[in-house]
Amino acid sequence: MIEIILFIITSFAVGLSGALVPGPMLTVTISDSLKRGFIAGPLIVIGHYIAEIALILLIFAGLGWFIGSSTAVFFIGTLVGTMILLMGFRITRSSNSLSELKENNGIKKDYGPILSGFFTSVSNPFFFIWWATIGWAFIFKGLELAGIFGVLGFLVGHWASDLSWFSGVSFFTSRGSQIMTEKHYKFIMNISGIFLMILGLYFLLNAQKLI
């Protein structure tokens, strides 16, 4: 039980780190929140969930033969560890700012928040890279830990991070609040990047059986 709780907390932290990476979904959340108010954030996340569920089903369709393989543990651990390290470095070195995200809205057409969440997810190459590496690794770990309940634990943590971050962005944007300042945003990004680099190192060392 304790392992599942810790796994959910880790899934939340990793999911939050991925959500913090500047991209089209964050851009459209800010722009839609200025027009529609707080509700835009949760609705955009629902569209994101739909895209993720479809991708998870595709992953499960071809995952069975790979589960339990020692080669899989080494391959996934090495690949994911490298990807997480690079992503953490990218986050800490990112020059993006909240003001730039507000000014540069890459989504010109108004599809509605749910469809915007879906389209900004599937049109972002990082979305597929994240699920092909980090997301896949956590699904694999969840299956090892507690079968389908482990996968559900991962989804609870991951989806909670998406909902909390984008809802928070939507709320503060729609209220014109000064709580989410450039300084606070950069601090959150740096902490997230450092956490990812530590986690990536753990995956690499674990894959090599060094820890």
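The values are calculated or read from the model by the stated rules, or taken from the named source; none is laboratory data. Just so it is clear, the model here is predicted, and its values are computed rather than measured. Here Cβ is always computed from backbone atoms with ideal geometry, including for glycine, and neighbour counts include all displayed protein chains. Protein only, heavy atoms only, side chains kept; ligands, DNA and RNA dropped before computing areas. Shrake-Rupley method; radii C 1.70, N 1.55, O 1.52, S 1.80 Å.
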Can you spot a residue in the stretch 155-162 that is open to solvent by 60 Å² or more (accessible area, probe 1.4 Å), modelled with pLDDT of 75 or more and over 16 Å from Leu43 (Cα atoms)?
yes
I'm trying to understand the selection: among the residues of the stretch 4-36, which are farther than 26 Å from Gly193 by Cβ, in contact with a helix residue (DSSP H, G or I) (Cβ under 6 Å, 6 or more places away or on another chain) and of a type outside the set (A, V, I, L, M)?
Asp32
Among what's in the stretch 172-207 and is surrounded by 12 or more Cβ atoms within 10 Å (Cβ to Cβ) and outside any helix (DSSP H, G or I), pick the residue that is modelled with the highest pLDDT.
Thr181
Go through the stretch 37-59 and count every residue that is open to solvent by 10 Å² or more (accessible area, probe 1.4 Å), in a helix (DSSP H, G or I) and touching a helix residue (DSSP H, G or I) at 6+ places or on another chain (Cβ under 7 Å).
8
If we keep just the residues of the stretch 60-73 that are under 16 Å from Thr133 (Cα atoms) and either open to solvent by less than 70 Å² (accessible area, probe 1.4 Å) or aromatic (Phe, Trp, Tyr) (or both), which is modelled with the highest pLDDT?
Phe60
When the stretch 147-166 is examined, which residues are found to be hydrophobic (A, V, I, L, M, F, W, C) and touching a helix residue (DSSP H, G or I) at 6+ places or on another chain (Cβ under 6 Å)?
Val151, Phe154, Val156, Ala160, Leu163, Trp165, Phe166
Can you tell me which residues in the stretch 74-85 are loosely packed, with under 15 Cβ neighbours inside 10 Å and either of a type in the set (A, V, I, L, M) or modelled with pLDDT under 75 (or both)?
none
Which listed residue is within 16 Å of Leu26 (Cβ to Cβ), out of contact with any Ser or Thr (no Cβ under 6 Å at 6 or more places or on another chain), modelled with pLDDT of 60 or more and surrounded by fewer than 18 Cβ atoms within 10 Å (Cβ to Cβ), from Pro113, Pro125
Pro125
